[in-house]
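Student: Below are the structure tokens for one structure; questions will follow.
FYI, it's all coordinate maths here, none of it is from the lab. Computed from a prediction, not measured in an experiment: that's the story for all the values here. Here Cβ is always computed from backbone atoms with ideal geometry, including for glycine, and neighbour counts include all displayed protein chains.
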Amino acid sequence: MLPGTERDERRYQEAQIRRTHRLARRRAIMELRERRAAEGFDD
């Protein structure tokens with residue numbers, strides 16, 4: 001679904017920002033867990 005009004009467009013852009021940040025956080029957590037596992041930590 002594409003935004004129809006200016007408000008919809010703003011909300012869509014904000015949702016995209018939240019999604020990007022959420023995925024970046026998830027990726028950072030996974031990388032940290034992988035590094036700790038490689039270093040022998042058992043979390």
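Student: Starting from the 7 Å offset along Cα-to-Cβ, what nm value, one decimal, do you get for the label separation of E31 and I17?
Tutor: Each label point is offset 7 Å from its Cα along the Cβ direction, giving 2.2 nm.
Student: Within the set of other residues whose C-beta is less than 14 Å from the C-beta of R36, count the net charge using Lys and Arg as +1 and Asp and Glu as -1.
Tutor: Neighbour charge sum, excluding R36 itself: -3.
Student: Okay, moving on. Rounding to the nearest 10 and keeping the result within 0 to 90°, find how far the Cα-based axis of helix 6-38 lies from the longest principal axis of the chain.
Tutor: So the helix axis and the longest Cα principal axis differ by about 10 degrees.
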